[in-house]
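Q: Below you will find the structure I want to go over with you.
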Number of protein chains: 2
Amino acid sequence: LIRRVSAKVQPRNPKLIRGIGDDCAIWRPAPGEDLVFTTDFLLDGVHFTRDLYSARDIGHKTLARGLSDIAAMGAAPQFCLLSLALAPDVDRRWVDAFYSGLLKLASRFGVVLAGGDLSHSDRVLCDIFVCGAVPKGRALQRRGARPGDSIYVSGRLGRCWREYRRPLPRIELGFALRGRASACMDLSDGLSLDLHRLCTVSGVAAALDRIPVRRGFTIEQALHGGEDYELLWTMPARRQPPRGAIRIGSIVEGPPGRVMLEGKPIPTRGYDHFRQ
Amino acid sequence: LIRRVSAKVQPRNPKLIRGIGDDCAIWRPAPGEDLVFTTDFLLDGVHFTRDLYSARDIGHKTLARGLSDIAAMGAAPQFCLLSLALAPDVDRRWVDAFYSGLLKLASRFGVVLAGGDLSHSDRVLCDIFVCGAVPKGRALQRRGARPGDSIYVSGRLGRCWREYRRPLPRIELGFALRGRASACMDLSDGLSLDLHRLCTVSGVAAALDRIPVRRGFTIEQALHGGEDYELLWTMPARRQPPRGAIRIGSIVEGPPGRVMLEGKPIPTRGYDHFRQ
């Protein structure tokens, strides 16, 4: 299996000195770059089910989750490591389709699969680790939002995991926000919870005046759903936002983390694994 | 939970610009260093059971598995990310004990916990990602063994996961082998399988003349068990090995990957998740 996967890995990257096939991958950082790192689970029964998701969907989404975090930092994705546990009933065809889904997305964004771990389990378990690179000191962070900043999202909200099988991470938008956004994060646990987090670390509050709801979804889903894979960011109000940005409100002074909609506080009920 | 864990994290590292609390950790590499990366699952029902392992044991072993790979590269561990899924029946005490076990080992080797992912599942699932640093071009690799080299292991073999709950990764030995070993890897899937892998990528064969069996275990366990967490390496026969090294045989010319013991080929029956 390792040999089969290894043969399929494209693209290559000269900074990757050693990929699949050793105890560790070896990476030679370029001068003047900071590296950013994220890891994300995609678990059968939690983030997908195998009746609703094909093997390709699962491969795609495993990597997409990690790439969405890389986009939120304004970074260029470099390489990934995959921990994959296979269930007894998956066959070679399933495994090949899983890797096809993952490697197709990897290739689109120039990410090399550089290694990982293989195991077995009663359910399929995926954990992706992704490394991105950004010019020194230029990574976007959640902290940095200031009163007076406008708040934006990159698309209409309300998706749920049942229907959103192949999200496309907002990598190019992340680049465009570098040096322009005052704070940025990806929307993966729902607007109400994620904006609360951004405001908390920035020590500010938020006043929302519109919620762009995706057609066919409710405002509740747009506020508290957890599968948008859009970026949420703030920038000084005078600054021109990138194309496609939707302004949803302003950063204001107030109790850190408080989020108001049309003058009323909204509860933070996004997808939190420990509040369900 | 994230806040509680975050408060406990020691040590710090000036190269870690941003740790727990953002979409990604931010790392500023030091000039002249290569980075090495590994990821390892530790799964309930596969690598441990909760009746045999305490929460502390599980925390310790999660990180120890990753550190053992870092040791095999001759690298100094830097930081780790943890993906952790909690089962419904674990309580706050269990989680605290898990992190204590992990952070105590982290502190011993100067590893910073820089982030990760939290989720839930019907069983406890851990996936550790570890980054190590090594002077440019000096990482040990599996390939490089040459006919005439001696083969060594760092301790007696035969452990099984049921009893080996707190392995200590051979980090200092890895340093000592840098620039001296011709090839190196960690023994985590059994000597027969792991030596076969080392020989395959090096394009050589191995002739073993003794197997150092741990007291209370059988030679079968020493050959094919998979929980040693020792290093396996080769070096020119004339070179003095580090203290504690046990010579087990020589690299010879022959079909790549073939391993002989006292003139007879031994089967590669180590712990392979896809051959069971």
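Yes/no per residue for (1) in contact (Cβ under 8 Å) with a residue 12 or more places away in the chain; (2) under 30 Å from residue A:122 (Cα atoms); (3) basic (Lys, Arg):
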residue: B:176; (1), (2), (3): yes, no, no
residue: B:179; (1), (2), (3): yes, no, no
residue: B:238; (1), (2), (3): no, no, yes
residue: B:258; (1), (2), (3): yes, no, yes
residue: B:266; (1), (2), (3): yes, no, no
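Q: Output the number of residues of the range A:21-64 satisfying the condition of being more than 7 Å from chain B (Cβ to nearest Cβ) and not small (Gly, Ala, Ser).
A: Of the residues in the range A:21-64, 17 are more than 7 Å from chain B (Cβ to nearest Cβ) and not small (Gly, Ala, Ser).
Q: Output the residues belonging to the range B:191-233 that are modelled with pLDDT under 95, over 21 Å from the mean Cα position of the chain (by Cα) and closer than 16 Å to residue B:267 by Cβ.
A: B:218, B:219, B:220, listed by residue number.
Q: Take residues that are under 22 Å from residue A:16 (Cβ atoms) and tell me which of the strands (runs of 3 or more DSSP E) falling wholly in the range B:132-234 contain 2 or more. Quick ask: steps written out before the conclusion?
A: Values: elements: B:149-153, B:183-187, B:205-208.
So the answer is B:183-187.
Q: Here's another thing I want to ask about it. Give the residues of the range B:49-101 that are in contact with a Ser or Thr (Cβ under 7 Å, 6 or more places away or on another chain) and among the β-branched types (Val, Ile, Thr), sorted by residue number.
A: The answer is B:70, and nothing else.
Q: Could we say that residue B:236 is open to solvent by less than 30 Å² (accessible area, probe 1.4 Å), at pLDDT 95 or above and over 17 Å from residue B:185 (Cβ atoms) here? Spell out how you get there, then give the answer.
A: Working: open to solvent by less than 30 Å² (accessible area, probe 1.4 Å): yes; at pLDDT 95 or above: yes; over 17 Å from residue B:185 (Cβ atoms): yes.
Against the criterion (open to solvent by less than 30 Å² (accessible area, probe 1.4 Å), at pLDDT 95 or above and over 17 Å from residue B:185 (Cβ atoms)), residue B:236 qualifies.
Q: With (1) over 16 Å from residue B:66 (Cβ atoms); (2) more than 14 Å from every other protein chain (Cβ to nearest Cβ); (3) open to solvent by 30 Å² or more (accessible area, probe 1.4 Å) as the list, and residue B:158 as the residue in question, which single condition is left unmet?
A: Answer for residue B:158: the failing condition is (3).
Q: Please go through the range B:122-154 and pick out each residue that is open to solvent by 10 Å² or more (accessible area, probe 1.4 Å), small (Gly, Ala, Ser) and under 14 Å from residue B:71 (Cβ atoms).
A: Of everything in the range B:122-154, those that are open to solvent by 10 Å² or more (accessible area, probe 1.4 Å), small (Gly, Ala, Ser) and under 14 Å from residue B:71 (Cβ atoms) turn out to be B:139, B:154.
Q: Yes or no: the range B:5-19 includes at least one residue that is open to solvent by 40 Å² or more (accessible area, probe 1.4 Å) and in contact with a Leu (Cβ under 8 Å, 6 or more places away or on another chain).
A: Yes, because at least one residue in the range B:5-19 is open to solvent by 40 Å² or more (accessible area, probe 1.4 Å) and in contact with a Leu (Cβ under 8 Å, 6 or more places away or on another chain).
Q: Continuing with the same structure: List the strands (runs of 3 or more DSSP E) that sit entirely inside the range A:7-110 and contain at least 1 residues that are closer than 23 Å to residue B:123 by Cα and either aliphatic (A, V, I, L, M) or at pLDDT 95 or above (or both). So that I can check it myself, show each step before the final result.
A: Values: elements: A:16-18, A:25-27, A:33-43, A:76-86.
The qualifying strands (runs of 3 or more DSSP E) are A:33-43, A:76-86.
The values are calculated or read from the model by the stated rules, or taken from the named source; none is laboratory data. Not measured: the values here are computed from a predicted model. With ideal geometry, Cβ positions are generated from the backbone for all residues, glycine too; neighbour counts draw on all protein chains shown. Accessible surface is based on the protein model in full, side chains and every heavy atom, while ligands, DNA and RNA are left aside. Shrake-Rupley method; radii C 1.70, N 1.55, O 1.52, S 1.80 Å.
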